[in-house]
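S.K.: The structure that follows is given in the form of structure tokens.
Read the figures in this text as sums done on the coordinates, not as results from a lab. Here the structure is a predicted model, which means the values were calculated and not measured. FYI the Cβ positions are ideal-geometry reconstructions off the backbone, even for glycines, and counts take in every protein chain you see.
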């Protein structure tokens, strides 16, 4: 059994497409087998929703009269610094930038801090933000100071551009040290007091296409409530077959650079986060449709929580090297049980990714495809370490 993207899109437009979420196909394959499931389902939808620190938005502002050259100056949005080194009216706001004047950041960084993620959330929620700029004047841009209140609709463009999202696999974080530590993986209690992880497991986009056969540059995705695209391999992207075992990566691996129109996004799928002792981040709902081109694609899409395992890493003094030989591996099913065993000790687990919201993302993408409002795109090039499937 084989299909092409064009054949699937024709079924979407005709209202005859069969779509299942990544969780649903796990049960379907267990009940009917890979061959029958592949013959039945045309598209599998995935989803994730968790903090993705390598995220941000670039803006183009409407010029003042007289004009001002933001590039080379200092620009703040609600007290959060924005990068202005591009041109006169182009700005970049990273989600982890923080309000430097907020006194709470000096004592409890990340506990109550307001940062770039909060500015992005405020704009998507329809709120107005204050932009202030101070720079040097030029003959063509004589203005030196500018302050204005803007809503999302007031920007010429507001585009979410994220250099690294959707980690295919990541660590389970623990702390073997003697003091509590504060990390991007959350608060880690000493002496193996807890174990934190960040993945949607059997819903996670790149775990359901582990060899990246259908996901490539140009793949249309669901991001923040609207359509977006994979535009490049994400930073720190690794897709090395030597790191695979049993068809799955065994260590932090593939990532995606993605893009989408912030003006079309929804607060339902974007949430600012303050991570104690670390700073701010942005939780984003991302879903990727997987075209069932053949039985191998279905077999990968049906991988269950019990089959997905993660390395356990000590984030105390030994991080990032960890103990020689590591602390072992643990499955997603074990993590979801609320307790794992490390060094003979029962350790409670906690997740930074919302499985409930990831499920919602996959269901929303499924609904849009079924309604004919979301078609699949043919990747224009493979990601490093992968080859596009024939017929994709």
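S.K.: Classify the stretch 158-311 as rounded, prolate or oblate from the Cα gyration tensor: take a ≥ b ≥ c as the square roots of its eigenvalues, call it rounded if a/c is under 1.5, otherwise prolate when a/b beats b/c and oblate if not.
M.R.: It is oblate, given that a/c is not under 1.5 and a/b is not larger than b/c.
S.K.: Modelled label-to-label distance, residue 67 and residue 145, 7 Å Cα→beta-carbon offset: nm?
M.R.: Each label point is offset 7 Å from its Cα along the Cβ direction, giving 2.3 nm.
S.K.: Quick check on packing: order 215-224, 61-70 by the mean number of other C-beta atoms within 10 Å, highest mean leading.
M.R.: Output ranking for 215-224, 61-70: 215-224, 61-70.
S.K.: Okay, next question. Report the relative contact order of the stretch 62-155, percent, no decimals, based on alpha-carbon pairs under 8 angstrom and at least 6 residues apart.
M.R.: Computed value for the stretch 62-155: 32 percent relative contact order.
S.K.: Using a Gaussian network model of the chain with C-alpha springs under 10 Å, which one of 254, 283, 356 is most mobile by mean-square fluctuation?
M.R.: 356
S.K.: Still on this model: Report Rg (one decimal) and Dmax (nearest whole number) for the chain, counting Cα atoms only, units Å.
M.R.: In Å, with Rg to one decimal and Dmax whole: 22.3, 73.
S.K.: I've got another one for you. How high is the FRET efficiency from residue 2 to residue 339, r the C-beta distance, R0 45 Å, rounded to 0.05?
M.R.: Step by step, r from the Cβ atoms, then E = 0.55.
S.K.: Could you let me know the centre-to-centre spacing of the stretch 48-104 and the stretch 341-379, using Cα atoms, in angstrom?
M.R.: The two parts, judged by their Cα centres, are 30 Å apart.
S.K.: Taking neighbour Cβ counts within 10 Å as the exposure measure, how do 178, 208, 35 sort from fewest upward?
M.R.: In increasing order of surrounding Cβ atoms, one gets 178, 35, 208.
S.K.: For the Cα atoms of the chain, what angle does the longest principal axis make with the long axis of helix 22-32, in degrees from 0 to 90, nearest 10?
M.R.: That helix lies at roughly 10 degrees to the long axis.
S.K.: Right, next: Report the label-to-label distance for residue 178 and residue 130 in nanometres (one decimal), using points 7 Å from each Cα along the Cα→Cβ vector.
M.R.: 4.7
S.K.: Rounded to the nearest 5, what % of the DSSP beta bridges within the stretch 62-155 are antiparallel ones?
M.R.: That works out to approximately 95 percent antiparallel.
S.K.: According to the square roots a ≥ b ≥ c of the eigenvalues of the Cα gyration tensor, what is the shape class of the stretch 62-155, taking rounded for a/c under 1.5, prolate for a/b larger than b/c otherwise, and oblate for the remainder?
M.R.: It is prolate, given that a/c is not under 1.5 and a/b is the larger ratio.
S.K.: On a C-alpha basis, how far is the centre of the stretch 246-275 from the centre of the stretch 135-206 in Å? Whole number, if you could?
M.R.: The two parts, judged by their Cα centres, are 10 Å apart.
S.K.: Compute the distance in nm between two label points, each set 7 Å from the Cα along the Cα-to-Cβ direction, one at residue 156 and one at residue 240.
M.R.: Label at residue 156, label at residue 240, 4.4 nm between them.
S.K.: Which residue, 195, 87, 22, tops the fluctuation ranking in a GNM of the chain built on C-alpha contacts under 10 Å?
M.R.: Result: 87 has the largest fluctuation of those listed.
S.K.: Ignoring everything except DSSP H segments at least 4 long, calculate the 222 nm mean residue ellipticity for the chain; use -39,500 (n - 2.57) per segment, divide by total residues, nearest 500.
M.R.: Per the formula, -5000 deg cm²/dmol.
S.K.: Let me ask something else about it. Over the stretch 195-246, what is the relative contact order in percent, taking alpha-carbon pairs closer than 8 angstrom and at least six residues apart?
M.R.: 21
S.K.: Let me have the relative contact order for the chain, percent, based on Cα pairs under 8 Å that are six or more residues apart.
M.R.: Averaging sequence separation for qualifying contacts and normalising by length gives 25 percent for the chain.
S.K.: Rank 339, 121, 370 by mean-square fluctuation in a GNM of the chain with C-alpha springs under 10 angstrom and give only the top-ranked residue.
M.R.: Per the Cα network of the chain with a 10 Å cutoff, 339 tops the list.
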